[in-house]
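The values are calculated or read from the model by the stated rules, or taken from the named source; none is laboratory data. It should be emphasised that the depicted structure is a prediction, and the values quoted were computed from it without experimental measurement. No Cβ is skipped: glycine too gets one built from the backbone with ideal geometry, and neighbour counts run over all protein chains shown.
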Amino acid sequence: MKRVSLAYLVAFLIVNAAADEWNYPTPNSNGVMSEPESWGGQCDNGRRQSPIDLAQAAAVRGEFAPFFFSNYKLPIKQAQLTNTGHSVQISNRDPAVTIQGGGLGGRFVLDQMHFHWGSEHTINSARYGLELHLVHHDIRYASLEEAAATRNGVAVLGVLFHVSAQPNMHIDVILDTAADIRNEPGKEASLKGKLSPHYLMPANRSTYFRYEGSLTTPACAESVIWTVFTDSVGVSLEQIEQFKAIHDQNGKELLNNFRSVQPLNARALVYATEWDQQDNNFAEVPRLHAMLIGLVGLLVATSKCLY
Ligand SMILES: [Zn+2]
């Protein structure tokens, strides 16, 4: 009996120790992925997984109230950059950095920001050089971990970066710091400069894709309201290559860290634009004209009947 319990304990410890030891498939020398990820559990069995291809043809139109960003223009306080072995991540501990509106149905606080090189989401099958994830949790939950156990408990904003001739000065702050920790997963360093979430986002934040999905790393919890802005931000080719020099927990270069696109299944993909009061007023004008024409027509018909 005792031996069985011990064997069970050992097995339990091995399974749990292995829980964080997952990897992105290594691309071959041509950059092509040989096989999809096999991360187990909900990552393999879920029906509402992320990322997905954001295909305009598969989307329905939506209109939401504008996003309201609180304290996004302020530099992150005591910002630390961590090499997680799967990405580089900047944590936020200021509870005043929040978003609401945008059809989210509550207020969400920013927990952390991290990058994927190349992008996880594709737009009409086109992949971008880089994708930033701004991870938030609903303030009704005590922590990101608690919120991640609930459907729509987490809100992630996805920002896509296209390749441009000009380097991105805000990304440079991250890369300058990353150079010191790139060979040491688990290590963190104070950010060498100021970094505000606002300046990592596109100017147009009212046109985006919206769908309900999951975290894109194990255990792939299906708790995320996704917002991926359609307007992208510029980053230079050289900057993208600097991300690829970051090492994973096996001491290898993390050449890319995006999960393969997942099936949409029975979910709605929404292409959202800001609700436009002016548009709606214009829409009233033809309706009023139609009513007046109808009324005049009725009067003419009635008067003809009288004679
Ligand atoms: Zn991510």
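Quick check, is ARG48 closer than 16 Å to LEU215 by Cα, at pLDDT 95 or above and charged (D, E, K, R)?
Yes.
Take the conditions buried (at least 20 other Cβ atoms within 10 Å of the Cβ) and within 14 Å of the chain's Cα centre (by Cα) and apply them to LEU254. Does it pass?
For LEU254, the condition - buried (at least 20 other Cβ atoms within 10 Å of the Cβ) and within 14 Å of the chain's Cα centre (by Cα) - is not met.
Which of the residues belonging to segment 149-169 are touching a residue at least 12 places away in the same chain (Cβ under 8 Å) and surrounded by fewer than 17 Cβ atoms within 10 Å (Cβ to Cβ)? So that I can check it myself, show each step before the final result.
We begin by selecting, within segment 149-169, every residue touching a residue at least 12 places away in the same chain (Cβ under 8 Å); these are 149-168.
Correct list: ALA149, THR150, ARG151, ASN152, HIS162, VAL163, SER164, ALA165, GLN166, PRO167.
Take TYR199 and tell me if it is of a type outside the set (Gly, Ala, Ser) and at pLDDT 95 or above.
Yes: the conditions hold for TYR199.
Counting just the residues of segment 195-224 that are within 15 Å of the ligand (Cβ to nearest atom) and touching an Asp or Glu at 6+ places or on another chain (Cβ under 6 Å), which one comes out nearest to HIS133 (Cα to Cα)?
Of everything passing the filter in segment 195-224, THR216 is nearest to HIS133 (Cα to Cα).
Listed residues SER34, SER87, SER29; which is more than 19 Å from the chain's Cα centre (by Cα) and under 30 Å from ASP172 (Cα atoms)?
Every option except SER29 fails the conditions.
Please determine, by comparing only the residues of segment 57-87 that are touching a strand residue (DSSP E or B) at 6+ places or on another chain (Cβ under 7 Å) and closer than 18 Å to ASP176 by Cβ, which one is surrounded by the most Cβ atoms within 10 Å (Cβ to Cβ).
So, considering only residues that are touching a strand residue (DSSP E or B) at 6+ places or on another chain (Cβ under 7 Å) and closer than 18 Å to ASP176 by Cβ, the one surrounded by the most Cβ atoms within 10 Å (Cβ to Cβ) is LEU81.
So, GLU146, is that one within 16 Å of the ligand (Cβ to nearest atom) and either surrounded by 20 or more Cβ atoms within 10 Å (Cβ to Cβ) or modelled with pLDDT of 95 or more (or both) or not?
no
Within segment 207-221, which residues are part of a loop (DSSP other than H, G, I, E, B) and buried (at least 20 other Cβ atoms within 10 Å of the Cβ)?
Hits for segment 207-221 are SER214, LEU215, THR216, THR217, CYS220, ALA221.
For GLU188, all conditions in the list (1) out of contact with any Leu (no Cβ under 7 Å at 6 or more places or on another chain); (2) of a type in the set (Asp, Glu); (3) surrounded by 15 or more Cβ atoms within 10 Å (Cβ to Cβ) hold save one; what is the number of the exception?
Result: GLU188 passes all but (1).
Does segment 104-141 hold any residues that are of a type in the set (Phe, Trp, Tyr) and either near the ligand (Cβ under 10 Å from one of its atoms) or modelled with pLDDT under 95 (or both), and which are they?
PHE115
Touching a His at 6+ places or on another chain (Cβ under 8 Å) and not in a loop (DSSP other than H, G, I, E, B): does that describe VAL156?
It is true that VAL156 is touching a His at 6+ places or on another chain (Cβ under 8 Å) and not in a loop (DSSP other than H, G, I, E, B).
Would you tally the residues in segment 88-101 being surrounded by fewer than 20 Cβ atoms within 10 Å (Cβ to Cβ), assigned to a loop (DSSP other than H, G, I, E, B) and not basic (Lys, Arg)?
3
Could you figure out which of (1) touching a helix residue (DSSP H, G or I) at 6+ places or on another chain (Cβ under 8 Å); (2) among the basic types (Lys, Arg); (3) within 15 Å of the ligand (Cβ to nearest atom) isn't true of LYS192?
(3)
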